[in-house]
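To keep things clear, I will list the structure first and then write my remarks on it.
The values are calculated or read from the model by the stated rules, or taken from the named source; none is laboratory data. Small disclaimer: the values here were computed from a predicted structure and weren't measured. All Cβ positions, even for glycine, are placed from backbone atoms using ideal geometry, and neighbour counts span all protein chains on display. Surface areas here come from the heavy atoms of the whole protein model, side chains and all, with no ligands, DNA or RNA. Shrake-Rupley method; radii C 1.70, N 1.55, O 1.52, S 1.80 Å.
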Amino acid sequence: MLASERKQIALDREQRERELSEIKSSIELLNIQREKLQEQRELLHRVREEKKEIQSSLAENVRSIQTVFIYIFALQHSAHAYLSLSSIASESIPLFSRGMASSSDKSEVAEKKVEKEEEGKHEGGFIEKVKDFIHDIGEKIEEAIGFGKPTADVTGVHFPHINLEKAEIVVDVLITNPNPVPIPLVDIDYLIESDGRKLVSGLIPDAGTIHAHGSETVKIPVVLIYDDIKSTYHDIKPGSIIPYKIRVALIVDVPIFGRLTLPLEKTGEIPVPYKPDVDVKKIKFNKFSFEETIATLHVTLENKNDFDLGLNELDYEIWLTDISIGSAELAESTKIEKHGITLMKIPVSFRPKDFGSALWDMIRGRGTGYTIKGNVDVDTPFGRMKLPISKEGGTTRLKKEDDDDDDDED
């Protein structure tokens, strides 16, 4: 009985020691958190003090600038008053001289003329000194406080995506802020026109902030819808290239100067693309059987645009008499000059027995109806484009491999 009590007492002692250890750990953790809170409080206090110093310094600079501007204003008015008095004096002296002079006073008049010229030289020198002084004051103000007008320039115009429906345009504008504080870009007003006719315009509000003593490129996205242009200006045709002028007005808010407008312009050309014409001139058999026929499609692509097309890829599907004979993606690299035609030879295989009674028309050499649809991936002077190709209700001829005609010369 005594041993069990001693054991229980030992267990209670260990339990109390563990609880005491946990309490000590909690106290240490609270002390660490208290120290961190104290550090954050001191940091916040320092930030507030620095903010007050910056505000006080800025206010003092503004007062100094106002004082300098008042001084310059007073100097300008003083110079203006001096000029007025000098002008009145110069006009009064000759009148007085003409009323009092005689033939014997000609020498005195000559002397006064010389004196007047010297005074004019002195007066001009004084005005130049005033102008130089004002200019020097302006430069010293800019050097002292570091405020100046921002500059901007259109550094590039890109066409990330063009198809038959629209052109996506991105205008890169580089803005440089020489000031010691960030300046807000209040609005961006843009207009794209062609030969004085508006194509698209818009306004981008709250366009961001330009960092202090930094330069940033602002990207202006614009979307040009071709249907809107062609319906408004009927002389703009598909396949043509039209000139454009981009006008951009950047509105910034600069301390001391207030709101400023930075006008920019950029000119260039933009395409109005037209899809190529496709035609299956003939189908030449390489191997013929009712189970499988291997043939070559002689396909022509006609570029109806005023710019060259660099063909990269062709994906297509073709039907003969409403029966699909295959689809594929063909990597073909060739150049189609503007308003030019290129011939492509595309291998296909199909089963003639699937055509039923239409097979006999094919064998007899009669015209065979076809449909072809697909897309061409091309390079252009304006970027990469993916243009559709299609022709429905076309007629082609089937030829044996040893039959030659003039079609290969197309």
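When you check residue 169 against the structure, is it assigned to a strand (DSSP E or B), surrounded by 14 or more Cβ atoms within 10 Å (Cβ to Cβ) and over 15 Å from the mean Cα position of the chain (by Cα), yes or no? It is false that residue 169 is assigned to a strand (DSSP E or B), surrounded by 14 or more Cβ atoms within 10 Å (Cβ to Cβ) and over 15 Å from the mean Cα position of the chain (by Cα).
If the condition is being at pLDDT 85 or above and surrounded by fewer than 18 Cβ atoms within 10 Å (Cβ to Cβ), then segment 282-303 contributes 296, 300, 302.
Scanning segment 44-57 for residues that are of a type outside the set (Gly, Ala, Ser) and open to solvent by less than 90 Å² (accessible area, probe 1.4 Å) turns up 44, 47, 49.
Let's see how each residue does on (1) hydrophobic (A, V, I, L, M, F, W, C); (2) over 30 Å from residue 339 (Cβ atoms); (3) loosely packed, with under 15 Cβ neighbours inside 10 Å; (4) touching a Pro at 6+ places or on another chain (Cβ under 9 Å):
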| residue | (1), (2), (3), (4) |
| --- | --- |
| 212 | yes, yes, yes, yes |
| 218 | yes, yes, no, no |
| 222 | yes, no, no, no |
| 225 | yes, no, yes, no |
| 238 | no, no, yes, yes |
| 258 | no, yes, yes, no |
| 262 | yes, yes, no, yes |
| 266 | no, no, no, no |
| 271 | no, no, no, yes |
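Can residue 232 be described as under 22 Å from residue 194 (Cα atoms) and either open to solvent by 30 Å² or more (accessible area, probe 1.4 Å) or touching an Asp or Glu at 6+ places or on another chain (Cβ under 7 Å) (or both)? Criteria met by residue 232.
Return a yes/no flag: does segment 323-337 have any residue that is touching a strand residue (DSSP E or B) at 6+ places or on another chain (Cβ under 6 Å), closer than 26 Å to residue 242 by Cα, of a type outside the set (S, T, N, Q) and open to solvent by less than 50 Å² (accessible area, probe 1.4 Å). Full working, then the answer.
At the first step, the residues of segment 323-337 found to be touching a strand residue (DSSP E or B) at 6+ places or on another chain (Cβ under 6 Å) are 325-327, 329-332, 334-336.
Restricting the remaining residues to those that are closer than 26 Å to residue 242 by Cα gives 334-336.
Now restrict to residues that are of a type outside the set (S, T, N, Q): 335-336.
So of that shortlist, the ones also open to solvent by less than 50 Å² (accessible area, probe 1.4 Å) come out as 336.
Scanning segment 323-337 turns up at least one residue that is touching a strand residue (DSSP E or B) at 6+ places or on another chain (Cβ under 6 Å), closer than 26 Å to residue 242 by Cα, of a type outside the set (S, T, N, Q) and open to solvent by less than 50 Å² (accessible area, probe 1.4 Å).
Checking each residue in segment 172-214 for being hydroxyl-bearing (Ser, Thr, Tyr) and either within 15 Å of the chain's Cα centre (by Cα) or in a loop (DSSP other than H, G, I, E, B) (or both) picks out 190, 201.
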